[in-house]
Amino acid sequence: MDLEANLLERLRRVRLMAFDVDGVLTDGGLYIGRADEWKRFNTQDGAGLAICRRLGIPIAFISGRESESVRRRAEEQRVTEVHLQVTNKVKMLEGFLERNGGAGPESLMYMGDDLMDIPALNFAGLAIGPANAVTDVRSICHYITLSRGGYGAVREAIELVLRNQDRWETAVEELLTETGRLSQ
């Protein structure tokens, strides 16, 4: 994949990652019943998040909705920060950067899919959208994944960043060695 120099430089600067939830970490569908709201999460995305955790990359989930399912998934993944019912995602991202050493927006990757994500995408140094992102989001993103939200798009974005930082192979090898899936 021949990525333009501007994108390569943006990929190399990423030190923190933030993700919208509905349409990015999930397929965007809501299953609402009497007892709870159900969301479908992708296990490959979870493996990518686990690799980020191993590398010490701060991760934030940011959503405009309240959701116990998102809280539970974030807890399972040991996500650094979870912010729900957020109306101003840029303000939340500014705080995320401040809480993580005062890094600038150029060190932040944000992934979003819908109109409410546009200010956050414009704020971040690297803006990524899943294949199912709406047209207005697609037009401002630095990269659009081949995968749809909820179907591996988060993993694809994480892998893109880490491969271009020459961190992916080592992180995978360490993960597999630790879990006993790779013999030495």
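Derivation of every value follows stated rules applied to the coordinates shown; laboratory data play no part. Because the structure is predicted, anything quoted here is derived from the model rather than measured. All Cβ positions, even for glycine, are placed from backbone atoms using ideal geometry, and neighbour counts span all protein chains on display.
Put a dot 7 Å past the Cα of T170, heading toward its Cβ, do the same for L84, and the two dots end up 3.7 nm apart. Basic side chains Lys and Arg get +1 at the Cβ, acidic Asp and Glu get -1 at the Cβ, and with that the dipole of the range 19-76 about its Cα centre reaches some 160 debye. Contact order, relative form, for the chain: 27 percent (alpha carbon pairs under 8 Å, 6 or more residues apart, mean separation divided by residue count). Computed about its Cα centre, the charge dipole of the range 122-184 is approximately 260 debye, with only Lys, Arg, Asp and Glu carrying charge at their Cβ.
Our note on the geometry: Cα centres of the range 49-76 and the range 116-146, 19 Å apart.
One way to sum up the overall shape of the chain is the equivalent ellipsoid from its Cα gyration tensor, whose semi-axes run 23, 21, 16 Å, largest first.
The residue among A74, L160, L97 whose Cα reaches farthest toward the positive pole of the charge dipole of the range 18-166, with charges on the beta-carbon of Lys, Arg, Asp and Glu, is A74. Using Cβ point charges alone (K and R +1, D and E -1), the dipole size of the chain about the Cα centre works out to roughly 260 debye.
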